[in-house]
Structures are given as structure tokens and as C-alpha cells.
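Trainee: Pasting in a structure now, in C-alpha cells, and then I'll have a few things to ask.
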Amino acid sequence: MEKQNGKKADLRKIWLIFINTLMISSTANSGYAMIGVMERVFVKKHEMLSKEELSDCTAMAASSPGPIGINASCLIGYRVAGFWGSLAAILGVVIPPVFFMVLVTMFYGAIVSNGYVATFMKGMQAGAVALVLNFAIGLFTDILKKKQVFLWVLVAAALIYIWCLDLSVFWLALLIAAAALIKNAIMVRKGGEKS
């Protein structure tokens, strides 16, 4: 009986992951805009994972090839409900854009020349900027709360790199990863705790 209740709980989690990623993907544009909504849904509303776990998933998703919304959904689904949670999250996040792209291609001529659609798209852009900014401020606040100068230096160095150098973000990711590995190696050698 207990095993059956466990399966029901797992199925419920998988269903919640699917239906929520489906709704998020339908309404929250894409990319980083989705992450802020995922935080509200999976961390605050359903308490399926902690804010730190979401930050870890987001960091891994951002440093992996492919769209961050799909990558983050996949990692969140896996963290919460294993393989089936990951599959449910991927399906939930992919179905809406595929459906909408099919619709757009069917009616492209009418859509592209419609003034209401153009206005709607401008509004969506503004909403996406607000969602991304909200998420970025939340991540930055988390870094400030940790009171680790090393993290502050990494953020400052990353901003300088992005604003001043015309190089690929790939190299930035490698440099930050190398800096973190070196810091952890030094901490381990000194007998300290890894960060």
C-alpha cells in the first residue's frame, strides 16, 4: 500500500511539472524570462525545490548548449522527479512554442501586417525585460547576501568582460569556471571548505 501511495505522489509531481512547464512556456516568453516564473511556481508555490537548487539548475542550464528554458526545465524536472520529471518538463516546455509556430506559419501573411499583433509584441518585449531584470536582481541579491568577496569579484569581472571586450561568452564561462576551480583547490589545500 505504501508503495502505491509513493507512485501516486510521484505521478502527481510529474503531472505538476508537466502542467506548470506547459503554462509557463505558454505565457512567459522564453529564456531567462521563464526562470523568474519557474521560481514563483516551483520554489514558492509548490515548494518542490529550494531557491538555491533553482539557482544551481539555472547556472548549469545557462552554461550548457541550447535554450536555457528547455535546459532549466529539464534539470528542474530531473531534480524533482528523476527521468520522468525531466521528460515531463521537456514536453511541457516544448509543446506550446511548437504549437504557436505552426499557427504562425499557417497565418504568417495576416499576422505580419497586423498592427494589433505588432503592439502586442512590443508589450511582450517589455514584459520579458521586466521578468529578466527581476530574475537578475534576485540572483545578484543572493550573491550579495553570501558576503563572499570572491563572488563579488567574479560578477564585476564578468560585467567588465561583457561590456568592454568583444569576445565570446564561451570564454567568459571558461574563465569563471577556471577561477572557481582554482579557488576551491586553494581552499582544499589550506584545509578550508569548498565553496
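The values are calculated or read from the model by the stated rules, or taken from the named source; none is laboratory data. This one's a predicted model, so the numbers in the text were calculated from it and none came from an experiment. When we count neighbours, we look across all protein chains shown, and the Cβ atoms used for this are built from the backbone with ideal geometry, even at glycine.
Trainee: Can you pull out the residues in the range 115-132 that are at pLDDT below 80 and over 26 Å from Glu39 (Cβ atoms)?
Mentor: Ala118
Trainee: Just one of (1) under 22 Å from the mean Cα position of the chain (by Cα); (2) more than 23 Å from Gly36 (Cα to Cα); (3) not aromatic (Phe, Trp, Tyr) trips up Val112, so point out which.
Mentor: Of the numbered conditions (1) under 22 Å from the mean Cα position of the chain (by Cα); (2) more than 23 Å from Gly36 (Cα to Cα); (3) not aromatic (Phe, Trp, Tyr), the odd one out for Val112 is (1).
Trainee: Related question: Looking only at the range 141-159, decide whether some residue is surrounded by fewer than 12 Cβ atoms within 10 Å (Cβ to Cβ), modelled with pLDDT of 90 or more and not aromatic (Phe, Trp, Tyr).
Mentor: Taking every residue of the range 141-159 in turn, none turns out to be surrounded by fewer than 12 Cβ atoms within 10 Å (Cβ to Cβ), modelled with pLDDT of 90 or more and not aromatic (Phe, Trp, Tyr).
Trainee: Does any residue of the range 168-176 turn out to be within 17 Å of Ser55 (Cβ to Cβ), in contact (Cβ under 8 Å) with a residue 24 or more places away in the chain and either of a type in the set (Phe, Trp, Tyr) or not in a loop (DSSP other than H, G, I, E, B) (or both)?
Mentor: yes
Trainee: Would you be able to say whether some residue in the range 175-194 is surrounded by 10 or more Cβ atoms within 10 Å (Cβ to Cβ) and within 24 Å of Glu39 (Cα to Cα)?
Mentor: Looking through the range 175-194, none of the residues is surrounded by 10 or more Cβ atoms within 10 Å (Cβ to Cβ) and within 24 Å of Glu39 (Cα to Cα).
Trainee: A follow-up question, please. Would you check which residues across the range 65-81 are over 11 Å from the mean Cα position of the chain (by Cα) and free of Cβ contacts under 8 Å to residues at least 60 places away in the same chain and list them?
Mentor: Selection gives Pro65, Gly66, Tyr78, Arg79.
Trainee: For the range 152-161, which residues satisfy the criterion of being without any contact (Cβ under 8 Å) to a residue 24 or more places away in the chain and among the hydrophobic types (A, V, I, L, M, F, W, C)?
Mentor: If the condition is that a residue be without any contact (Cβ under 8 Å) to a residue 24 or more places away in the chain and among the hydrophobic types (A, V, I, L, M, F, W, C), then Trp152, Val153, Val155, Ala156, Ala157, Ala158, Leu159, Ile160 are the ones that fit.
Trainee: Scan the helices (runs of 4 or more DSSP H) fully inside the range 1-116 and keep the ones with 3 or more residues being more than 30 Å from Leu144 (Cβ to Cβ) and assigned by TED's automatic domain parsing to the domain that holds Ala128.
Mentor: Correct list: 2-27, 68-106, 108-112.
Trainee: Now for a separate question. Any chance you could count how many residues in the range 133-151 are in contact with a Gly (Cβ under 8 Å, 6 or more places away or on another chain) and small (Gly, Ala, Ser)?
Mentor: Number satisfying all stated conditions: 1.
Trainee: Looking only at the range 101-148, how many residues end up being in contact (Cβ under 8 Å) with a residue 12 or more places away in the chain and out of contact with any helix residue (DSSP H, G or I) (no Cβ under 8 Å at 6 or more places or on another chain)?
Mentor: The number of residues fulfilling the criteria is 2.
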